[in-house]
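Colleague: I have a structure here, written as structure tokens, and I will follow up with some questions on it.
The values are calculated or read from the model by the stated rules, or taken from the named source; none is laboratory data. Just so it is clear, the model here is predicted, and its values are computed rather than measured. When we count neighbours, we look across all protein chains shown, and the Cβ atoms used for this are built from the backbone with ideal geometry, even at glycine. Just the protein is used for accessible areas: all its heavy atoms, side chains included, with ligands, DNA and RNA removed. Shrake-Rupley method; radii C 1.70, N 1.55, O 1.52, S 1.80 Å.
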Amino acid sequence: MSLKKSRRPAFKAMAIVVLFVIALPACSGARMNPVYSQSMVEPISVQEHSATEIVLRYKVRPESSHYSGGVDYERVGDTLRVVIGRCAVGAPCEPMAKSVIPLDDSWQAEVHLPYDGSRVVVVHSDGEKQVYP
């Protein structure tokens, strides 16, 4: 009986480690996994908002079960890489930069991103495109 009890903490610890190892790549890789092709989100425009921030606008595709609530981004060398997010309606969705305007007749989303003078590249499912400067 005491042998079974002594194995439980080790088993629980191992189960937690296995879950963590499985979940970590899924969480970190999912953020920068592009779903939209370039043609689905064009036109994309970028304007400087301040010395440390830019405004990125892109077309939002009307879908019945998904929407774009914003973008995820990462710094890679001298490039800010941006991926337009796609969220399932009714499911939790937390993009790094959320759209700051309600959708209007032009179906445009607007996000504000940190900027330090580097290149800005939008990553699409069918390639990448430098959008600023």
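Colleague: Counting other Cβ atoms within 10 Å of each Cβ, which chymotrypsin sites (Phe, Trp or Tyr not before Pro) in the range 44-125 have at most 16 and sit in a DSSP loop?
Modeller: Trp107
Colleague: Please calculate the 1.4 Å probe accessible area of Leu103, with all protein chains present, and give it to the nearest 10 Å².
Modeller: Here the accessible area works out near 90 Å².
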